[in-house]
1. Hey, could you check the stretch 295-318 for residues that are open to solvent by 10 Å² or more (accessible area, probe 1.4 Å) and in a loop (DSSP other than H, G, I, E, B) and say which is nearest to Cys403 (Cα to Cα)?
2. Out of all the residues in the stretch 434-447, which are touching a Leu at 6+ places or on another chain (Cβ under 8 Å) and surrounded by fewer than 19 Cβ atoms within 10 Å (Cβ to Cβ)?
3. Name the single residue that is most open to solvent (accessible area, probe 1.4 Å) among those in the stretch 76-89 being in contact with a helix residue (DSSP H, G or I) (Cβ under 7 Å, 6 or more places away or on another chain) and not in a helix (DSSP H, G or I).
4. Which residues, counting only those in the stretch 106-125, are hydroxyl-bearing (Ser, Thr, Tyr) and either open to solvent by less than 20 Å² (accessible area, probe 1.4 Å) or part of a loop (DSSP other than H, G, I, E, B) (or both)?
5. Can you pull out every residue in the stretch 203-225 that is part of a loop (DSSP other than H, G, I, E, B) and at pLDDT 90 or above?
6. May I ask you to list the residues in the stretch 237-294 that are in contact with a Phe, Trp or Tyr (Cβ under 7 Å, 6 or more places away or on another chain), closer than 22 Å to Val342 by Cα and either assigned to a loop (DSSP other than H, G, I, E, B) or among the polar types (S, T, N, Q) (or both)?
7. From the set of residues in the stretch 38-66 that are in contact with a Pro (Cβ under 8 Å, 6 or more places away or on another chain) and in a helix (DSSP H, G or I), which is surrounded by the most Cβ atoms within 10 Å (Cβ to Cβ)?
8. When residues of the stretch 276-294 are filtered for being among the charged types (D, E, K, R) and over 22 Å from Val404 (Cβ atoms), how many remain?
Amino acid sequence: MDPREKNTLPSEILPVVIIGNGPSGICLSYLLSGHTPYFSPDASHPNPLLHGKLGEQPHLSLLQQDLEYLCEGLEGRSSNPVAVLFDSLLLPGSDFGLEHTSPLEWRYEPEHAVPHLVLGKGPPGGAWHAMEGSMLTLSLANWMELPGLKLKDWMREKRRNVRNDRATPAEIASYYQHYVSQMSLEQNFACGTTVTSVTRQAGSPDGSPPCWRVTGLQRREGEVLAGGSAVPEEYPFSLLAHNVVLATGTHDIPARLGVEGESLPFVCHSFWELELAISNGQLDHTSDPVLIVGAGLTAADAVLAAHHLSTPVYHVFRRSVNDPGLIFNQLPKLLYPEYHKVHQMMTQQQHQLTPPPHSQGQTLHHQSTSPSSTSSPSPSSSYPGYLSFPRCRVVAFRPDKKCVLESESGQRTVVQVSKVLVLIGAHPNLSFLADNGRSLSIYPDETVTCRRNPIDVDPFTNSVVAADGPGLYAMGPLVGENFVRFLKGGALAIASDLAKKWREGGRRESGDFIMDRLMDRYLDRRVSV
C-alpha cells in the first residue's frame, strides 16, 4: 500500500498505524486482520489453573477476555505477564522440552478486523533481512514462528535435510516475508517507508478529535535510465491515526564503548565485518588475535566463527563467568551446545593478572599456538588460540593496534590485535520522537535501550505510560522483549486493547461515516485477494 494515498482524504483518520514491519508488527497485523484465538472446547492445558480459567468463558475469544486475570499465577522466562500467558498457550511446556499441542483454535473473523497500516523501511521481516546469514539463530524453530504457519514445516519445504531445530537469520527473514503473503496481509503493509516524525495533534474547531500525526518518506522507483536501472526517489507522506504502535526493534544503532580510539578503522561494531575479513583472507591462524568485546550471543557467534578458522581470540567482558545474569548461565546446555562451548572457553581459559615486578601492567604478544601472557594456556589446553578477560573493560584503542584493558582492581594489560569487534548490543532509532523517545522510557534522563532502559508501558495493554496522549503503544525489543517467542505477547496485549476500543466506540469517536468507509474498503480488499 502507498501511504501517500491517505493524503487524498485529509479528514480521514486511520484507526491504527504500526511503525516497524518486523515480527512484532507482522504478528500484530495478523491479529488485527481478524485472525482470532479461542480456547478450543476439546483442548486441555497442562497448567490446571490456566485450563480452568480458560474454560470459564469458552465462547469469548482471547481478545475479549480479562488478560490480567488469566495471567495471575503464571511464571515464565519473560518479565511481561501477557508474554508469559500467550507463550504458554502457543507453546505449552516448551521450557521443559515438551511439545504439547496448543489449546488455541484460530478463527478468521473479518467482521472483527481493525483497519491498520504497517510501515517499514524494507521488506516484511524487519532487521532479520540485515542479519548475518551464516549464523544459527538462538531460538528453536517453533519459538521463532508466528501463529498459523509452522516454521518447521516451512523449512522442510525449503531444504531437503533439516539437521536440527534451528534456522539461519536468512531463512527466518524469508519465512516472515512469506508469512505476510501467505496470510494475505500485504494490503496492510507499506514497505520502503521511513518515519521522520510522530507528534500529538490537537483537535480542530470543526470537531475532529485529537490524534497522532505520522510523517515520513516513502522510497519508490523513479525514472528508468538508459541501462534499464531505475533511480529510487523518496516522496513525503503524512498520516493521521487514532492509535500508533512503536514496533521498530533495536538493531538500528550499534552500542559503543565511548573510549579513546573507538573510531579507528580496525575497530568494528558488526559481526558481518568479521565474516568479511575472514572471507577476504585478512584473518587466519597466523594473524594477531581478534579482540571481541561483549558477553552476549552475537559476541559468542563471533568467538565461534573465529575459533572455527583457528583465528586467535582475546575475549573481553565485564561480568564474571559465574554471574547468573550472563546469558550462557540461562540457556539449557542440551539445547545450545555451541553456546555452552563458548561458556566453557570463557571459564577454562581465563587470563590471570601476574604483572612483572616493578610494573604497573603487562603486554601480551600472540604466539603461533595461542594468545600468551605470563599465564597463557598450555599447548595441551582444550581451546588453543583463545583467552578470556572476565571482569575487564577496554580503556583505549591505539593506532598501532594495541588495546589497553583494565581489570576491576585497576590493573592494566596491553594486547596486540589485528581487529576489534565491539558487540555489546544496539540502541533503537527513535529519532522520529522528541528527544529520541527518552521521556517515554523508565529512566527519562537516559537513552532508550532494550535491556536497561526500555519504554515504560502498561503490562496488560502495552500502552505507553508517559505518552502525550492516549493511543500510543510500544512492543517487542522496545519494551525489553528480545525474543520472538515472547514479543507475540505484546501483540496480544495491544490487539486486545484496540479491539476493546473498537467495540466500545471507535466508530463514534471517529465519525460513523469515515469509519464505515474505512471498514468497507478494508473488507473489499480482503475479499479481492
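1. This residue is Arg318.
2. The one that is touching a Leu at 6+ places or on another chain (Cβ under 8 Å) and surrounded by fewer than 19 Cβ atoms within 10 Å (Cβ to Cβ): Asn436.
3. So the residue we want is Arg77.
4. If the condition is that a residue be hydroxyl-bearing (Ser, Thr, Tyr) and either open to solvent by less than 20 Å² (accessible area, probe 1.4 Å) or part of a loop (DSSP other than H, G, I, E, B) (or both), then no residue fits.
5. Within the stretch 203-225, just Pro210 meets the criteria.
6. Matches in the stretch 237-294: Pro289, Gly294.
7. Filtering first and then ranking leaves Leu54.
8. Qualifying residue count for the region: 1.
The values are calculated or read from the model by the stated rules, or taken from the named source; none is laboratory data. This one's a predicted model, so the numbers in the text were calculated from it and none came from an experiment. Note that each Cβ is placed from the backbone with ideal geometry, even for glycine, and that neighbours are counted across all protein chains shown. Remember, those area values only see protein heavy atoms, side chains included, never the ligands or the DNA or RNA. Shrake-Rupley method; radii C 1.70, N 1.55, O 1.52, S 1.80 Å.
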